[in-house]
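Have a look at the structure below, then the notes.
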């Protein structure tokens, strides 16, 4: 029980640090990130941790774009939903891999092919 509590606190701290990076972005970038983030949560599984890596990568991309003086829509394109769908598709790829690994592991252990 204590380990779970420590993990929850650690996850909360990590999330707060991530969002501090978002809040340091230019206003347009922050707005678009939060909109994409909100959209992505609709597709998360379980605790939503599957989306965090994608969000970190998006922050890195946005930070680099802002540092280069680019507008946020130069990065996402005008169809922000399609851009977000690509991010979600990548997250689902990870989930699918974990599902396959789980099933294979159980079937191997139980002697089924």
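The values are calculated or read from the model by the stated rules, or taken from the named source; none is laboratory data. Predicted model, so just to flag it, every value in this text is computed and none were measured. Please note: Cβ atoms are built from the backbone with ideal geometry, for glycine as well, and neighbour counts cover all protein chains shown.
List of remarks:
- Criterion applied to 71, 37, 53 was being surrounded by 12 or more Cβ atoms within 10 Å (Cβ to Cβ), modelled with pLDDT of 95 or more and either over 21 Å from residue 18 (Cα atoms) or out of contact with any strand residue (DSSP E or B) (no Cβ under 9 Å at 6 or more places or on another chain) (or both), and the one residue passing it is 71.
- Cβ-Cβ under 6 Å pairs, at least 6 apart or on other chains, the stretch 72-88 side without any contact (Cβ under 8 Å) to a residue 24 or more places away in the chain, far side surrounded by 13 or more Cβ atoms within 10 Å (Cβ to Cβ) and part of a helix (DSSP H, G or I): 75/65; 77/83
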